[in-house]
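Notes to accompany the following structure.
The values are calculated or read from the model by the stated rules, or taken from the named source; none is laboratory data. What you are looking at is a predicted structure, and each value in this text was computed from that prediction instead of being measured. Cβ placement follows ideal geometry from the backbone for every residue including glycine, while neighbour counts extend to all protein chains displayed.
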Amino acid sequence: MTHNNKIQNPRGTLDVLPEDQYYWDLVRNSAENIAQQFGHQRIDTPVFEATALFARTVGEGTDIVEKEMYTFDDRGDESLTLRPEGTAPVSRAYIQHGMHSMPQPVRLYYITPIFRYERPQSGRFRQHWQFGIEAIGDESALIDAEVIHLLWSFLISVGLKDIKLFINSIGDSHCRPAYLNELESYYSKYQQEICADCKVRLRKNPLRLLDCKQPSCQTIKSDAPEIIDHLCGECEEHFTSVRKLLEMWGIPYEIDANLVRGLDYYTKTVFEIHPKSSGSQTALGAGGRYDGLIEQIGGANTPGVGFGSGIERIIMNLKQNNVGLENSASEKTSLYIAHIGEEPMETSLNLLGSLRNFGIKVNTSSKSRSLKAQLRSANTMGVTHTLILGPEEIQHGNVKILEMESGEESTIQIDKVATYFSE
Ligand code: HAM
């Protein structure tokens, strides 16, 4: 076999190895705690959905629908798509399970893999995990502010202190059409100058013009009309209320008039949180209001607001800032039983079972090996104590306890070990 035959993980995917699980536990646990603190309940939807669900909501002209979906026909010729985002599936479930008859808003959360055929780069994967929140059925600005507060608190609680919140309002069906006309006529004057992508955006999805990162388009963009100056009375009032609540709760924010998001379903409030130290394309979490989405997929006219937050990106940032490492060693007692000789091995298996029945974390060697080799295993596992069982200990019904950090040794009767460590 040559090296070429080795199969590797698909591009843009990640193996989460045992040594990284600590970070994943930390982030997942914080996510669940914060979500529940804010009154959200967990929902899990299938990994794949009918393709039409995403085409209709995320939008035909978006990068996600045009270039990034993992879409396939199953053996019954049904077009299915691996979930490229979490809001549309949760909205579908809201309609399908009649959640409109529950007290509104229905507050949900999910922790789930997301699939997008993107160009892999730092912090951008083809499979990533999102912690997401949706609050469906309440149009008030309070809910927007709560959802932003939740994302902010979550990122702070995992240990990311240097973060920055950007917010904007992109209006609704009353005020946005007129704004888009103005934007189009402004950009039409620069048809020759703008980049190839912007030429397409101008035709298909003019709001996305504001998201262009090409240096050559920046001057044109900076003079473009801003949506925030074109909001209708209701949208403006809504945005002001969101801002007031954020100020009341001590959440610092910056208004970014070019913040438009890459999904078509947004209305009114949109927001992103980035690490302070880095540029664009690095959102740790992002979302907004989507008041038209549920109706688009066959439900009643129902408002909604939520966010998604990329777990891999959060962990990359935690590692870069050395956050969390100091807690990574388990504080709980954990044991390794080293045995020397045949009889001690028998006794150690006996002890292993009874310690586990007491709920103690313990391991041993499945084979006879030198004490040195067994201590090496104990070290690798990072246990707090090694119990040593040799012929001499067996003879006296004892076991030797080696405290790993200090190297101190003591002796205890075998039948006292379980109570000693469970206290
Ligand atoms: P999104 O901005 O596409 O929004 O993704 C949300 C977050 O997922 C991003 O801020 C980022 O942290 C992470 N993320 C996105 N793409 C990748 C990737 N390729 N690799 C790693 N991380 C990534 C949504 O998906 C909306 N459904 C959010 C939402 C919920 N809006 C309302 N409710």
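Quick notes
- Matching entry among 362, 399, 417 (being closer than 26 Å to residue 18 by Cα, in contact with a strand residue (DSSP E or B) (Cβ under 8 Å, 6 or more places away or on another chain) and surrounded by 15 or more Cβ atoms within 10 Å (Cβ to Cβ)): 362
- Close pairs (7 angstrom Cβ cut-off, 6 or more residues apart or separate chains): without any contact (Cβ under 8 Å) to a residue 24 or more places away in the chain in region 73-101, more than 16 Å from the ligand (Cβ to nearest atom) anywhere: 73/79; 74/80
- Unmet criterion (only one of (1) under 46 Å from the mean Cα position of the chain (by Cα); (2) in a helix (DSSP H, G or I); (3) more than 29 Å from residue 19 (Cβ to Cβ)) for residue 376: (3)
- Search result, residues across region 106-138 that are at pLDDT below 95 and more than 20 Å from residue 58 (Cα to Cα): 120, 121, 122, 123
- The sole residue among 150, 160, 155, 202 that is hydrophobic (A, V, I, L, M, F, W, C), within 28 Å of the chain's Cα centre (by Cα) and modelled with pLDDT under 95 is 160.
- Within region 262-305, the set of residues being near the ligand (Cβ under 9 Å from one of its atoms), small (Gly, Ala, Ser) and either in a loop (DSSP other than H, G, I, E, B) or in contact with a Cys (Cβ under 9 Å, 6 or more places away or on another chain) (or both) comprises 262, 283.
- Some residue of region 404-414 being under 19 Å from residue 332 (Cα atoms) and assigned to a helix (DSSP H, G or I): no
- In region 62-84, the residues that are under 21 Å from residue 263 (Cα atoms), of a type outside the set (Ser, Thr, Tyr) and surrounded by fewer than 17 Cβ atoms within 10 Å (Cβ to Cβ): 66, 67
- Taking residues in region 244-265 that are farther than 13 Å from residue 208 by Cα, and partners anywhere that are charged (D, E, K, R) and assigned to a strand (DSSP E or B), the pairs with Cβ atoms closer than 7 Å and at least 6 places apart or on different chains are 254/164.
- Some residue of region 368-378 being modelled with pLDDT under 90, outside the structural domain of residue 282 (by TED's automatic domain parsing), more than 16 Å from residue 398 (Cα to Cα) and of a type in the set (Lys, Arg): no
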